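The values are calculated or read from the model by the stated rules, or taken from the named source; none is laboratory data. Every value quoted in this text rests on a predicted model; they were computed, and no experiment measured them. In this analysis, Cβ positions are derived from the backbone assuming ideal geometry, glycine residues included, and neighbour counts consider all displayed protein chains. All accessible areas refer to the heavy atoms of the entire protein, side chains included, with ligands and DNA or RNA removed. Shrake-Rupley method; radii C 1.70, N 1.55, O 1.52, S 1.80 Å.
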Amino acid sequence: MDFDHSPKTQEYLGRLIDFQEQEILPREQAYHRELLAREDPWVVLPIIDELNAERGAGLSNADYAPLAEVMGRSLITSLVCNCNAPDTGNMEVLWHFGSDEQKAQWLEPLLDGTIRSAFCMTEPDVASSDATNMQATAILDGDEVVCNGRKWWSTGVGHPECKVSIFMGLTDPQADRYHQHSMVLVPLETPGVEVVRMVPTMGFYDAPVGHGEVTFTDVRLPASAIIGGPGQAFGIAQARLGPGRVHHCMRLIGLAEAVLGLACERAISRTAFGKPIANLGGNRERIADARIAIDQARLHVLHAAWLLDEGRPEALGAVSQIKVAVPNMAQDVVDMAIQLHGGAGLSDDFPLAGAWTVARALRLADGPDEVHRGVIARLELGKHGHGKWATA
Ligand SMILES: Cc1cc2nc3c(=O)[nH]c(=O)nc-3n(C[C@H](O)[C@H](O)[C@H](O)COP(=O)(O)OP(=O)(O)OC[C@H]3O[C@@H](n4cnc5c(N)ncnc54)[C@H](O)[C@@H]3O)c2cc1C
């Protein structure tokens, strides 16, 4: 078994790591301080535009995953590199399912990084873990589609360059469960679209990208704004979410690596009761356990990425496994690092409070842990019950 990254990935990795270490990391803390100090944080500070990135590189999931890990070591590199959620997932949707017209209008500028996008599926009024609950509608009216509904946790709508959202709505309640909903490309400037408020995640607004609550009131568009045709939303969502979850997980592994590094530096450099903190209590074991957990998680995610690339059916269960395992792992590693830092761990002198929030949020975003555990258990029990458990 060859554990080396492909030559293409190694080349990109070298360039990305140099770029990050020389250009981004030395400026990141100042970037966050400047943004937080602003009365209006919903802006793109010049540093983001200055740190130019490049266009899609045609990488497989397994090739891209190590790059996502490196980007996850910082809270702004994926934005600088135009590889942040939800833009990457939305670009993949357009790449695979968009019409030529949709690609020209939206995919091109997204790839160029001249506009940003949002993905509007979750609704405040219904349990959105179950996508069949969605109440928002995307109704066909002649050669037009009319969208109505209230969405929230729409990541990206705070960005001043966010120009388009992918809206998921009910089109045909009579169709089978998996063909009722459609995805519609809704330009944010269309009459009837309103960003009602930005929603904080445990106190963090995550500006300038942010997460918004958005209302759609009689938003009327040509039916050609529907992606892949009416009723195709579930198939598209499945295709979008696999790679998107791999990206999230690899970024979290990068985050956990960076945080473990901070924990080790603190544990060596600070002394209590006559010893470095590393040598007190069970701290060496905690550091060792974090190393084991990160390395296990990385192999797990790379394997899931490879299964996706190979089009193997096991990819479904593997993606759900990593989506449970990695945010929990990252949350535990950050928590350990906060504890080692003492009070400083909760201050904004270190990026740990933000890192913990990112990991915690990903136990909900893209499907709560329980829903993924449900998928894993169904597949596992199905192996033993000749399919009778498969529908439970
Ligand atoms: C930071 C962040 C960013 C997000 N970005 C986006 C975005 O860009 N676009 C978007 O559309 N959404 C986004 N979301 C929303 C996210 O995907 C939803 O919050 C998530 O799918 C859960 O839906 P819900 O909040 O309605 O929870 P609910 O469906 O109400 O579920 C609540 C709880 O019920 C329990 N539960 C639900 N189903 C089961 C089950 N089958 N078995 C056992 N227990 C269960 C779980 O404990 C679950 O956490 C984001 C969320 C966060 C926190």
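Have a look at D348, D366 and point out the one that is within 26 Å of A239 (Cβ to Cβ), among the acidic types (D, E), in contact with a Gly (Cβ under 9 Å, 6 or more places away or on another chain) and not in a helix (DSSP H, G or I).
D366
Go through the residues of the stretch 161-172 one by one and say whether even a single one is more than 9 Å from the ligand (Cβ to nearest atom), surrounded by 19 or more Cβ atoms within 10 Å (Cβ to Cβ) and assigned to a loop (DSSP other than H, G, I, E, B).
Yes, that holds for at least one residue.
So which residues in the stretch 201-212 are surrounded by fewer than 19 Cβ atoms within 10 Å (Cβ to Cβ) and either within 10 Å of the ligand (Cβ to nearest atom) or not in a loop (DSSP other than H, G, I, E, B) (or both)?
T201, M202, F204
Matching residues to (1) away from the ligand (no atom under 16 Å from the Cβ); (2) closer than 19 Å to H248 by Cβ; (3) open to solvent by 30 Å² or more (accessible area, probe 1.4 Å):
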{"site": "M71", "(1), (2), (3)": "yes, yes, no"}
{"site": "D87", "(1), (2), (3)": "no, yes, no"}
{"site": "G98", "(1), (2), (3)": "yes, no, no"}
{"site": "R116", "(1), (2), (3)": "no, yes, no"}
{"site": "G149", "(1), (2), (3)": "no, no, no"}
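Rundown of residues vs (1) assigned to a loop (DSSP other than H, G, I, E, B); (2) without any contact (Cβ under 8 Å) to a residue 12 or more places away in the chain; (3) of a type in the set (A, V, I, L, M), yes/no style:
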position	(1), (2), (3)
A278	no, no, yes
R284	no, yes, no
L299	no, yes, yes
W306	no, no, no
K323	no, no, no
P327	no, no, no
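Hey, among the residues in the stretch 367-383 that are closer than 16 Å to E314 by Cβ and either away from the ligand (no atom under 14 Å from the Cβ) or touching a residue at least 40 places away in the same chain (Cβ under 8 Å) (or both), which one's surrounded by the most Cβ atoms within 10 Å (Cβ to Cβ)?
H372
Give the number of residues within the stretch 356-366 that are in contact (Cβ under 8 Å) with a residue 60 or more places away in the chain and open to solvent by less than 60 Å² (accessible area, probe 1.4 Å).
Residues meeting the conditions: 7.
Residues to consider are G281, G274, G345; find the one that is touching a Leu at 6+ places or on another chain (Cβ under 6 Å), away from the ligand (no atom under 16 Å from the Cβ) and either hydrophobic (A, V, I, L, M, F, W, C) or more than 30 Å from H5 (Cα to Cα) (or both).
G345
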